[in-house]
Every structure is written in structure tokens, then in C-alpha cells.
1. So if I check each of B:Gly169, B:Gly199, which one is on the phi > 0 side of the Ramachandran plot and either surrounded by 20 or more Cβ atoms within 10 Å (Cβ to Cβ) or within 27 Å of the chain's Cα centre (by Cα) (or both)?
2. If you go through the stretch A:373-388 one residue at a time, do you hit one that is at positive phi and in contact with a helix residue (DSSP H, G or I) (Cβ under 6 Å, 6 or more places away or on another chain)?
3. From the list A:Ala346, A:Ala353, A:Ala339, pick out the single residue that is within 21 Å of the chain's Cα centre (by Cα) and within 14 Å of another protein chain (Cβ to nearest Cβ).
4. May I ask you to list the residues in the stretch B:81-90 that are assigned to a strand (DSSP E or B) and more than 10 Å from chain A (Cβ to nearest Cβ)?
5. From the set of residues in the stretch B:266-282 that are more than 12 Å from chain A (Cβ to nearest Cβ) and either within 25 Å of the chain's Cα centre (by Cα) or at positive phi (or both), which is modelled with the highest pLDDT?
6. Collect the residues in the stretch A:366-420 that are of a type in the set (Phe, Trp, Tyr), within 11 Å of chain B (Cβ to nearest Cβ) and farther than 18 Å from A:Leu35 by Cα, keeping them in residue-number order.
7. I'm trying to understand the selection: among the residues of the stretch A:240-266, which are more than 14 Å from chain B (Cβ to nearest Cβ), under 29 Å from A:Pro370 (Cα atoms) and assigned to a loop (DSSP other than H, G, I, E, B)?
8. Can you work out which of the residues in the stretch B:315-344 that are part of a loop (DSSP other than H, G, I, E, B) and in contact with a strand residue (DSSP E or B) (Cβ under 6 Å, 6 or more places away or on another chain) is nearest to the other protein chains (Cβ to nearest Cβ)?
Amino acid sequence: MRLHAWAWLALSSLPLLSVAGATLPRYGGALTVDLSQDSSEPVVPLITETLVRLNEKGEVEPGLAVAWQRDADRKRWRFSLRPKVVFHDGEPLNGGTAAPSLGAALRKKYGEVNITAGGQALVLQFDRAAPDLLTELANSRMAIVRSGEKGALIGTGPFRVAVWEPGRKLALAAFEGYWGGRPFLDSVTVNLGTGRETGDVFDIPFSQTRRVLPERIRIWSSPVRELIALVSESVQPEVWPALALAIDRAPIVNVLTQRRGEAALGLLPQWLNGYAFLFAPRKGTVSQLRTAPLTLSYPANDGFARAVAERVALNARDAGIVLQPTPNPGGAVRMVRWALESPDAAAELSRLAGLLGAPERANSLNSAKPETWYEAERALLDAHRIIPLVYLPEVYGVAPRVHNWEAAQKSGEFTLHLENVWVDP
Amino acid sequence: MLRVGLALLFGMLTAARAHAQSMGEAAGQLAARISSPLQRHGTVSLEFQNLTAVGPAESSSFRAALQEELRKLGLEPTGAGQPEIRLRVTLSENVRGLLFVAEVTSGENRQVVMLPWNRPPPTEAKPRVKITIEPVLEQSEAMLDLLLVDSQLLALSPSKVSSYKMTGGKWMPSGIAGVSWARPLPRDQHARMEIGPTGFRVFVPGTSCSGMLEPEFKITCEPGNENWLFNPRDPLLAVRWVTDQNLLESESAKVPFYAAATGWFATSEGRIADRTGAPLAGSDGWGSEISSVENPCGSGWMALVSAAGDGQDHDQIQAYEVVDGQVVAVSDAISLPGPVTALWPAETRGQTTLVIRNSKTGNYEASRLGVACAE
């Protein structure tokens with residue numbers, strides 16, 4: 001191995017996070033989280049960690065790896081693992097314990113990958129260039145995990161699994177041996193699929209009904225992170241621009257999202273790319289078409305999506321387009337809800353291009369050059385396969401006994417961050 | 001990286017000038033990128049919009065600078081007639097910082113030019129100061145404590161102790177001793193350095209260390225929580241860390257506490273109390289970072305106190321005396337551009353070590369506070 005020919009990309013250890021404010025955090029206590037969804041995905045990063053992380057600007061930072069280097073072809077990557085890290089079952093983190101789960105996750109994404117593990121080092125050899133590897137490695141899909149008895153998830157994160165009832169409840173306990181310092185909370189109980197508002201923290205999904213929240217609950221909204229859009233592969237070419245021009249997003253934003261959402265003009269929101277305003281529609285006369293009725297499929301059991309679909313159908317009539325909303329899949333036009341996964345605009349565009357069946361549009365993306373993002377996004381929109389409608393934030397109710405919530409959520413990982421949260425007794 | 005100086009007011013007049021210069025530089029770079037794809041010189045109409053929090057004065061200044069730079073490149077801004085090139089410039093921002101977006105229309109051709117710009121963070125002007133601040137060190141890594149020993153300055157970080165020697169009026173790096181703690185540091189990192197028999201001592205939750213400067217700069221650690229003096233000039237309060245937490249305990253206090261000053265404790269229960277746990281009336285605005293310093297205007301001690309709350313952007317330090325059980329503010333509050341992360345009595349009489357995490361830069365800034373009797 002010719003180390004001198006490799007470009008050192010990082011050689012630093014992640015400073016342990018300091019969250020001190022003027023009132024110092026308190027150790028101890030239990031936090032209850034009520035989630036309306038029955039997936040534990042938002043809290044998995046509390047249990048597991050990845051080799052690298054994205055900060056809130058979308059920049060790569062050390063995680064379980066403290067340094068990495070690659071060859072000029074971006075096919076061979078070498079990672080140095082953080083020393084003195086242990087899994088929840090006491091097994092030390094090293095190349096041997098990290099390789100199995102990482103290899104399985106990498107093969108799903110890249111196909112064949114040769115992994116060589118030695119001590120605290122991991123060497124990945126790909127058949128083809130992997131220029132996006134670091135961004136991919138920051139995704140929780142690439143977490144370093146081990147399987148315990150009965151498939152229990154064993155990670156290196158700040159919390160370990162105490163009780164796991166799939167689809168119902170996840171109880172977490174503070175991991176005393178966490179390399180980044182024990183979390184402040186003793187335990188976290190996540191109730192899944194409840195829709196209740198009795199926990200210290202609960203999500204507030206968008207719905208048609210206004211909710212009266214318990215007293216003294218404060219509302220926290222993330223930046224907009226979810227795109228709702230129409231997609232189609234089969235609609236006639238002249239219909240799509242006319243439909244795009246006919247849709248009025250203002251009632252969707254003002255009424256249906258109660259002004260918490262933002263009108264979506266492009267694929268990425270303005271806070272992420274900085275140029276979304278360029279996609280503002282030019283004013284024009286709505287064409288009058290006479291089309292055969294088209295079915296508009298929206299996600300089943302999703303009251304908000306149904307309301308948006310009905311609003312879109314109403315607008316479409318102005319253009320002589322008959323859309324028939326249905327919760328059944330397979331419509332000529334489909335409504336999709338796509339959540340952003342990271343604050344890396346280039347990576348998100350690449351992912352969206354794949355979802356739109358046009359991965360080649362992402363070939364020229366350069367994460368340091370916003371012009372390449374714009375060109376790729378413009379091309380995806382001009383292909384007339386997607387009409388962005390609205391962006392939504394995540395909204396949570398937070399009880400007054402919960403401290404440091406807002407600061408704790410500032411991260412490049414769009415999941416719940418509880419490791420720096422603390423509570424009053 | 002390093003700086004040393006006289007007592008300074010927080011806020012430097014030079015910051016505004018540096019900021020303006022950087023925006024002018026941005027105007028030059030943007031003009032060059034706008035003109036680059038154009039095949040010819042000519043007249044240009046300029047439309048400008050600002051979608052950011054950048055103020056009108058700065059925005060106007062940028063626009064003027066851009067016009068001047070365009071003129072230098074043969075693109076003459078015009079407000080009348082039929083311009084050959086139409087230019088719409090937007091001052092925007094994204095997750096990474098400012099973004100200049102220029103839409104250039106020439107005939108049927110339209111091009112979009114973008115320039116990301118990470119402008120230097122503005123330094124906020126701060127009000128008058130009663131407590132003097134002497135900036136000492138600034139770094140991206142956390143700083144937990146400072147110690148002046150044998151004319152060397154030691155800075156304690158989560159993974160090492162760095163030494164500095166004064167050379168030409170500046171603290172210059174002179175050595176680094178890596179540290180291997182017996183246990184992981186707590187999430188809310190606090191640690192203490194004191195002068196010791198062989199050089200210096202370091203105390204962190206769960207680990208006690210001894211360090212030497214000569215003949216070799218090194219530090220060795222053992223698991224356990226030894227007692228140490230909270231204030232090296234006050235032998236009455238011996239404390240020790242609670243393993244894995246940010247708390248101290250002492251035979252002199254009934255409950256664990258974060259810090260202590262003038263006989264009062266910032267307790268884990270979130271209040272200021274005496275050794276029996278009785279609360280101090282009027283201390284609602286006190287944060288958990290408190291420290292004692294000799295009263296320069298009389299006898300005894302006074303308390304330097306951070307502000308209460310979860311504030312991540314700002315904090316403050318104010319001096320108090322406790323007279324007959326009543327809290328009396330004896331200085332104006334000094335606003336700080338980030339939360340206090342460490343506040344310790346210094347080894348030098350009349351001084352206190354302050355570390356903040358600047359919320360704009362993210363850097364840790366260590367200073368020495370002094371308290372002078374106001375005129």
C-alpha cells in the first residue's frame with residue numbers, strides 16, 4: 001500500500017460535545033416520547049452510529065472513524081476507527097467487529113466490496129469509483145451494529161435497547177460506557193403508533209383538524225424536510241405543464257399546513273439550496289385542455305395527502321384536466337411524500353434523481369458547486385415528470401420539563417436527538 | 001490562534017472593516033464570473049434583491065461594489081434605454097452560508113452564475129464593561145481550564161494538556177502532553193487543573209492525574225476521585241468529582257453541586273443554596289457557573305455569576321455580593337457571545353478563568369477576568 005499516494009481527507013478526532021449553558025444540565029430522569037408512526041426509525045441513531053457524520057451544514061465529520069484516506073480513483077478507502085469504543089455488550093469496536101454490518105450495507109448499495117480489517121483499520125476496495133462514499137456512510141443505513149440474541153440491535157450509541165416490542169414500544173437505557181460521555185437521561189421510552197399527546201415529547205402530524213394541545217406545551221418545528229409532489233411517467237406531454245401552471249399552492253400552505261409548510265417550486269427547499277426562488281413560475285394563462293379523466297393516487301390512510309389531492313383536483317379543473325383522487329395505488333398521477341435525509345444538497349438531488357428514474361441527471365453534481373445542483377434540478381423539473389407542491393417540517397410538542405431540546409436537534413441527521421436533552425425531576 | 005493583550009472591551013472595531021472588505025472581495029469575484037461567459041462588452045441593467053438578513057447598508061454597499069467591478073470589466077451599468085445584457089443579482093443564502101445568484105440574460109441566452117460565500121462571522125459590539133476581560137487563547141477544541149505555572153501557561157483540553165510560553169508578548173505553543181482518562185469524560189465536560197508538588201494536577205470525573213513540566217512534559221492518571229481545593233486561595237472548601245457526571249461533592253455541602261462561591265453552592269437541584277440546602281433569596285437569575293474572587297473594594301470575597309437559562313447564543317457574567325442574606329449586584333453584567341463553559345478561580349489573586357463557546361464561530365475562547373474597583 002502506497003500511503004504517500006493517498007490524499008488524506010481527515011485526521012482529527014471529533015471533540016466531545018459540550019452543551020454547557022449557563023444553567024448546567026442535570027443527569028438522571030426518564031423521558032417519554034409518543035410517536036404517531038409505528039416505526040422506530042427516528043430513534044435508531046440513538047442506538048447505533050456511523051463511521052462519519054454530517055453536521056448541520058451537510059459537511060462530513062468524524063464519527064466512529066477518526067481519519068480516512070482514499071486513492072485518486074476513489075475505489076480504495078482506508079478508515080481508522082476511533083479507539084476505546086465499545087458496543088453495548090462490551091465488545092470493543094475494531095475492524096473485525098465493524099466489518100460484517102458495514103459490508104452487508106455497502107453491498108446493498110455498491111454491489112461487490114472487498115473489506116480488509118486489521119486492528120483499528122478498515123480498508124474498502126470497490127470495483128468502481130465511489131465518490132459519494134462519505135455521504136453514504138453518514139446514513140443510518142450504514143450504521144455499525146451487531147446482532148444480539150433474538151435479533152436485538154447492539155450498537156455503540158449513547159443509548160442501549162432495554163425493551164423492544166416491535167411496532168409498540170422501545171425502551172432505551174443510558175449507555176454508561178459511551179465514548180462520547182453518558183447521556184444526561186437515564187432512560188427513554190418511545191411509544192409507537194399512539195397518536196397520544198401525553199408524553200414529554202410527541203410528534204404532531206399534519207392533519208385536517210386543528211388540535212388543542214395540553215397547556216404549557218411548546219411547539220418545535222424543524223426546517224421543512226419533506227416534499228409532497230405529483231409524479232407521473234404516463235401523462236401526455238401537453239398535460240403536465242398545464243397542470244403545473246394551474247395548481248395554486250397558497251391554499252395548501254395557508255389552510256392545509258396552517259402556514260407551517262412552504263410552497264415547493266423546486267425539488268429542494270430554499271434553506272438547503274439557496275436558489276429555489278429561481279423556480280418561481282412565470283405568470284401565464286392556464287391552458288384549456290379537454291382530457292380523459294386521470295386517476296390521482298395519494299397515500300392510503302393519509303388524511304393530509306387526501307386533502308392536498310382534492311385541492312389539486314379542484315385546481316386542475318381550471319385547466320380542463322379531470323383528476324380523480326383515489327387512495328388506491330397505480331394512478332396515472334401519483335402523489336409522493338419524500339423526506340429529505342440530510343442537509344447535503346448534492347446527495348439529496350442524487351437520491352431524488354434516482355427516485356425519478358433519471359440517475360444520470362446526477363452525474364455532474366459537485367457538492368461544492370451550487371451551479372451543478374441547479375443544472376441537475378432544472379433538468380429534472382424540465383423532464384416533466386414531477387410537480388413539486390409543498391414542503392413540510394417535522395413538528396413536535398415539547399413539555400416544559402424538557403431542556404436543551406432545540407439545541408440538541410441541530411444536526412445533519414434528520415432524526416430525534418436525545419443524547420443532549422435533560423429533564424427536570 | 002493565540003492572542004494576548006491588555007484588558008479589552010468585548011467587540012473590536014476592526015471587525016466591521018474586515019467584513020466590508022470581504023463583501024467587496026465577493027463583488028469582485030462575482031463580477032468576474034458574470035463577465036466570463038459573455039463574449040462581448042456592453043451596457044448592462046442591474047436588478048438587485050436581498051433574500052437574507054444582511055442589512056440594507058451592507059447590501060447597498062455590495063451593489064455599489066458590484067457595479068464598480070462590472071465597469072472595470074467593460075460592462076457599463078445603465079438605468080435607461082435598451083441594455084444589451086440584463087442582470088438580476090440575488091443575495092441569497094443556503095445551509096452553508098451566503099450565496100450570490102446572478103441571472104444573466106443576453107438576447108435569447110440566459111445563464112445562471114452562483115458564488116457561495118462564507119463571510120466571516122460578525123463580531124458583536126458589546127456594551128461598557130466593569131469587569132475586565134483579558135483574552136488568552138482561542139481554539140476550536142474545548143478548553144476546560146487554564147493554569148499559569150512556572151511562567152508557563154497550561155491549557156486543558158478533553159484529550160491533552162498544551163503548554164505555552166510567552167515570547168514577544170504572545171503565548172506560543174511549547175508542548176503537548178496527551179492524556180488517557182480512566183473513564184470517558186462526561187457529556188457536559190468539566191475539569192480542573194491545580195498547581196501540584198511535581199508540577200500540576202488534573203482532576204476530571206473518575207480520574208485524577210499528576211503532571212510535570214520538567215524534565216519531560218507528561219501526565220499520568222489513575223482512576224478515582226481525589227479531593228482538591230475548589231478555590232486554591234481558599235482552603236475551606238475541598239471538593240471531589242462525582243464519577244461520570246458534571247457534579248461535585250464535598251463534606252461542606254449537603255447536596256451535590258456544580259460550582260461554589262462565597263459559601264454558596266449551585267446545586268444539582270437547580271438553585272443556589274447554602275451548605276444546609278437553604279436557598280439564597282434573590283438568586284433566581286444566577287446560572288450554575290459561579291466562582292469567587294477577592295473583593296477589590298473591600299475585604300472578603302465576591303461572586304462572579306453566569307446567567308440562568310438554556311441560552312446557547314449568549315450568556316453574561318456579573319459580580320455580586322451577599323450582604324445579610326441579600327443578593328446585591330455590584331457590577332454591570334458583561335454580555336458574552338456564547339454560553340459560559342468554564343468559570344474557575346485562577347491561581348493568581350484577583351483573577352478568574354473564563355471559557356465561553358462563541359456561538360458565532362463555534363470556537364472556545366479562554367480569558368482571564370479581573371475585577372477592579374470602579375471610579
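1. Numbers: B:Gly199 fails: either surrounded by 20 or more Cβ atoms within 10 Å (Cβ to Cβ) or within 27 Å of the chain's Cα centre (by Cα) (or both).
Just one listed residue meets the conditions, B:Gly169.
2. Restricting attention to the stretch A:373-388, the residues satisfying the condition of being at positive phi are A:384.
Narrowing further to those that are in contact with a helix residue (DSSP H, G or I) (Cβ under 6 Å, 6 or more places away or on another chain): A:384.
Among the residues of the stretch A:373-388, at least one is at positive phi and in contact with a helix residue (DSSP H, G or I) (Cβ under 6 Å, 6 or more places away or on another chain), which makes the answer yes.
3. Values: A:Ala353 fails: within 14 Å of another protein chain (Cβ to nearest Cβ); A:Ala339 fails: within 14 Å of another protein chain (Cβ to nearest Cβ).
Exactly one of A:Ala346, A:Ala353, A:Ala339 is within 21 Å of the chain's Cα centre (by Cα) and within 14 Å of another protein chain (Cβ to nearest Cβ), namely A:Ala346.
4. B:Ile85, B:Arg86, B:Leu87, B:Val89
5. Going through the stretch B:266-282, the residues more than 12 Å from chain A (Cβ to nearest Cβ) turn out to be B:273-282.
So of that shortlist, the ones also either within 25 Å of the chain's Cα centre (by Cα) or at positive phi (or both) come out as B:277, B:282.
Working: B:Gly277: 82, B:Gly282: 79.
In this case the residue turns out to be B:Gly277.
6. Of the residues in the stretch A:366-420, the ones of a type in the set (Phe, Trp, Tyr) are A:373-374, A:391, A:396, A:405, A:414.
Checking the rest, the ones that are also within 11 Å of chain B (Cβ to nearest Cβ) come to A:373-374, A:405.
Those that are of a type in the set (Phe, Trp, Tyr), within 11 Å of chain B (Cβ to nearest Cβ) and farther than 18 Å from A:Leu35 by Cα: A:Trp373, A:Tyr374.
7. If the condition is that a residue be more than 14 Å from chain B (Cβ to nearest Cβ), under 29 Å from A:Pro370 (Cα atoms) and assigned to a loop (DSSP other than H, G, I, E, B), then A:Ile247, A:Asp248, A:Arg249, A:Arg259, A:Arg260, A:Gly261, A:Ala264 are the ones that fit.
8. Applying the first criterion (part of a loop (DSSP other than H, G, I, E, B)) to the stretch B:315-344 yields B:324-325, B:330-333, B:337-339.
When the remaining residues are screened for being in contact with a strand residue (DSSP E or B) (Cβ under 6 Å, 6 or more places away or on another chain), the result is B:330-331, B:333, B:338-339.
On the way: B:Val330: 19, B:Ser331: 17, B:Ala333: 12, B:Gly338: 10, B:Pro339: 4 Å.
Among them, the one singled out is B:Pro339.
The values are calculated or read from the model by the stated rules, or taken from the named source; none is laboratory data. Please read all numbers here as calculations on a predicted model, not as lab measurements. Please note: Cβ atoms are built from the backbone with ideal geometry, for glycine as well, and neighbour counts cover all protein chains shown.
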